[in-house]
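Worksheet for the structure shown next.
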Amino acid sequence: MTVLLAGGAMTPFNRRKDGSSLRDWCRTAFARALSDAALEPQDIDTVVFASESDFFTLQLNPAAVITDALALTGVRTLRVEGGGASGHLAVQTGAALVLSGLARRVAVIGAEASAAHLDAGKVGKLYSLSFDAWTDGLTGVGATSIYALSVLDFMGRTGATTDDLAGIAARNRQNARHNPNAHLPLDITAADVAASPVVSSPYRRLDCSPLSDGAACVILARPEDLPRSGVGRVRIAGMGAASDRVRLGDRPAPGQFPAKTKAALQAYQAAGIGPEKIELAEVYDSYSGAQLQGLQALGLAEDVVASERAGRFTGEGGLPVNLSGGLLGQGAPVGATGVAQILVAAQQIEATFPGLRPASPPRRALVDTHGGIATTCAVMILESLA
Amino acid sequence: MNFHLSLDYRVPTGCLEPFFEGLRNGVALAERCEACGRVQFPPGGVCGTCGGASLGWVTLAGTGTVILRTDTPDRTFALVRFDGAANAALVEIANPAVQTGPGMLMPPPEGPPRLFFALTDPAETPHA
Ligand SMILES: [Zn+2]
């Protein structure tokens, strides 16, 4: 059975200063996604909402409230949470509901207010509870330090350097300059990254993805439940999800992301392809080095450092990565992040992405998202229906 | 609109309470798996090798060695392998002026029990 991404939309990702609310962002994303899918609100029978933390949204049971705000009544509504992977896992959940026959047309809406509601220090403190709050958390360690320790191990094993990381941080911001929805469309170079203040060595300010506000929505359905049988849309060819030990210290190799490898293998197997068939990827670059760690775990390069240095992951390269800007450039309103990653990858296949695009549209794209530090991993392969 | 929320949590630590009690006193209390013998510090309630849930407590010397270290503008964190443990612990470093090497678990100066580690350096007096 085939599940299609029948349509989708996102709000700009940024730090909202216009007084608009999370409910407004969800309404906007939902209305535009419906329009993109040529559907009416009454066509939707299920809403899957994704957000990471009620401390950010200040709304418990948010799925019910957002569904109500969308003027939908009598539909199945639920919320999916998986840390940074919340949005991606919500799309997988929506697809599973369609595949099971329980739902016909699902609206998956991800949203987060990680910038406008609280000051950055408080958000950072809450994010530090994304790891083991009892051991790692009580030391006061923040997410950046945990990612820093992981990437140091990766650098030691692979020879990746801070120059490699800075190059990624700069490139993703340059990619974002073409993306009208991007939070950080910055005209910067690797030298600017290297000159930004240290947050947790080796990571500097510009190696870190931003705290963003925003929402994204995709509509899922089988071809027979869509106008014109969904011709021209993108199908979900494969999905995978897997977990890892939560604490870095409990992992044999703290710089490697084996759960991501497992999730990717499931997705490749379901799609009936190997990684060499992937023509474009949106990879979870919460930090610059995580992009390289992710690409390695996903099996998308024999030697990820050599490929990075050879330009393979640029817009003109053999495997364009994060042409949206990724989390570093497009931004990261957590619940919306994975939904937006999937949306922009589908738009690349449809050749409708409103930013940087490869010379010819990819036939297949991979989307990679995780929560914690590659603790809750989710991978999806999208394919053109043609 | 503004909304103020202030929360004071009481967090029972369940089966890991002896570990936290040890940390308060700078004592490294580790779990030992009765099935496979794995010793883990910090503990987790389940064996990281065989998944066994029958675990006893053993006291380690509290000494260990830094594997990886990261510095923020005001604090330093490290992954430390404690002597006798199969896994590693994420700790705050008490004396970041010493770069790396061996050291010892110590009681945290204030706040809740946590993994606090002083590096050994004969040239320095570790500040408590
Ligand atoms: Zn065991």
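The values are calculated or read from the model by the stated rules, or taken from the named source; none is laboratory data. What you see is a predicted model, and the numbers here were worked out from it, not measured in a lab. So basically every Cβ, Gly included, is an ideal-geometry build from the backbone, and we count neighbours across all protein chains shown.
For (1) part of a helix (DSSP H, G or I); (2) under 20 Å from the mean Cα position of the chain (by Cα); (3) away from chain B (no Cβ under 11 Å); (4) among the charged types (D, E, K, R), each residue gets a yes or a no:
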{"position": "A:Trp134", "(1), (2), (3), (4)": "no, no, no, no"}
{"position": "A:Arg157", "(1), (2), (3), (4)": "yes, no, yes, yes"}
{"position": "A:Ile168", "(1), (2), (3), (4)": "yes, yes, yes, no"}
{"position": "A:Arg173", "(1), (2), (3), (4)": "yes, yes, yes, yes"}
{"position": "A:His183", "(1), (2), (3), (4)": "no, yes, yes, no"}
{"position": "A:Val193", "(1), (2), (3), (4)": "yes, no, yes, no"}
{"position": "A:Ala216", "(1), (2), (3), (4)": "no, yes, yes, no"}
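Tell me, which residue of the stretch A:232-272 that is under 13 Å from A:Glu383 (Cβ atoms) and charged (D, E, K, R) is surrounded by the most Cβ atoms within 10 Å (Cβ to Cβ)?
A:Arg233
Out of (1) closer than 30 Å to A:Gly101 by Cβ; (2) in contact with a His (Cβ under 6 Å, 6 or more places away or on another chain), the odd one out for A:Pro210 is which?
That leaves (1) as the condition not met.
This table checks each residue for (1) within 16 Å of the ligand (Cβ to nearest atom); (2) at pLDDT below 95; (3) exposed (fewer than 14 other Cβ atoms within 10 Å of the Cβ); (4) β-branched (Val, Ile, Thr).
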residue	(1), (2), (3), (4)
B:Trp57	yes, no, yes, no
B:Gly64	no, no, no, no
B:Phe77	no, no, no, no
B:Arg81	no, no, no, no
B:Asn87	yes, no, no, no
B:Gly103	no, no, no, no
B:Pro113	no, yes, no, no
B:His127	no, yes, yes, no
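Taking A:Thr162, is it more than 14 Å from every other protein chain (Cβ to nearest Cβ), under 28 Å from A:Asp244 (Cα atoms) and surrounded by fewer than 21 Cβ atoms within 10 Å (Cβ to Cβ)?
Criteria not met by A:Thr162.
May I ask you to list pairs of residues, at least six apart or on different chains, whose Cβ atoms are under 7 Å apart, with the first in the stretch A:333-349 being in contact (Cβ under 8 Å) with a residue 60 or more places away in the chain and the second being among the aromatic types (Phe, Trp, Tyr) and buried (at least 24 other Cβ atoms within 10 Å of the Cβ)?
Partner pairs satisfying both residue conditions: A:Pro333/A:Phe13.
Pick out the one residue from B:Pro73, B:Pro96 that is within 8 Å of chain A (Cβ to nearest Cβ) and either among the basic types (Lys, Arg) or more than 13 Å from the ligand (Cβ to nearest atom) (or both).
One residue alone meets the criteria, B:Pro73.
Working carefully through the options B:Gly14, B:Gly51, B:Gly84, B:Gly56, find the one that is out of contact with any Pro (no Cβ under 8 Å at 6 or more places or on another chain), within 11 Å of chain A (Cβ to nearest Cβ) and farther than 30 Å from A:Pro202 by Cβ.
B:Gly14
Does the stretch B:17-43 hold any residues that are within 12 Å of chain A (Cβ to nearest Cβ) and surrounded by fewer than 22 Cβ atoms within 10 Å (Cβ to Cβ), and which are they?
Within the stretch B:17-43, B:Glu17, B:Phe20, B:Arg24, B:Arg38 qualify.
Any chance the stretch A:241-264 includes a residue that's under 24 Å from A:Ala115 (Cα atoms) and without any contact (Cβ under 8 Å) to a residue 40 or more places away in the chain? Break it down stepwise before answering.
Our first condition is that a residue be under 24 Å from A:Ala115 (Cα atoms); within the stretch A:241-264, this holds for none.
No, the stretch A:241-264 has no match at all.
Is it the case that B:Thr49 is of a type in the set (Val, Ile, Thr) and away from the ligand (no atom under 16 Å from the Cβ)?
no
Is it the case, given these coordinates, that A:Gly315 is at pLDDT 95 or above, on the phi > 0 side of the Ramachandran plot and among the small types (Gly, Ala, Ser)?
no
Can you tell me which residues in the stretch A:195-210 are within 14 Å of chain B (Cβ to nearest Cβ) and under 24 Å from the mean Cα position of the chain (by Cα)? Quick ask: steps written out before the conclusion?
Here is the first cut: in the stretch A:195-210, the residues within 14 Å of chain B (Cβ to nearest Cβ) are A:196-205, A:207-208.
Across the stretch A:195-210, the qualifying residues are A:Val199, A:Ser200, A:Pro202, A:Tyr203, A:Arg204, A:Arg205, A:Asp207, A:Cys208.
Just checking, does the stretch B:26-38 include any residue being within 13 Å of the ligand (Cβ to nearest atom), on the phi < 0 side of the Ramachandran plot and modelled with pLDDT under 95?
Within the stretch B:26-38, none of the residues are within 13 Å of the ligand (Cβ to nearest atom), on the phi < 0 side of the Ramachandran plot and modelled with pLDDT under 95.
Please determine, by comparing only the residues of the stretch B:103-113 that are more than 11 Å from chain A (Cβ to nearest Cβ) and assigned to a loop (DSSP other than H, G, I, E, B), which one is farthest from B:Arg10 (Cα to Cα).
If we filter the stretch B:103-113 for residues that are more than 11 Å from chain A (Cβ to nearest Cβ), which is where we start, we get B:103-107, B:109-110.
Next, only the ones that are assigned to a loop (DSSP other than H, G, I, E, B) stay: B:106-107, B:109-110.
Details: B:Met106: 24, B:Pro107: 21, B:Pro109: 20, B:Glu110: 17 Å.
Restricting to residues being more than 11 Å from chain A (Cβ to nearest Cβ) and assigned to a loop (DSSP other than H, G, I, E, B), the top hit is B:Met106.
What residue, of A:Ala38, A:Ala71, is away from chain B (no Cβ under 14 Å), surrounded by fewer than 24 Cβ atoms within 10 Å (Cβ to Cβ), small (Gly, Ala, Ser) and touching a residue at least 60 places away in the same chain (Cβ under 8 Å)?
Answer to the selection: A:Ala38.
Consider the stretch A:93-126. How many of its residues are crowded, with 23+ Cβ neighbours inside 10 Å, more than 14 Å from every other protein chain (Cβ to nearest Cβ) and closer than 15 Å to A:Asp213 by Cβ?
Final tally of qualifying residues: 6.
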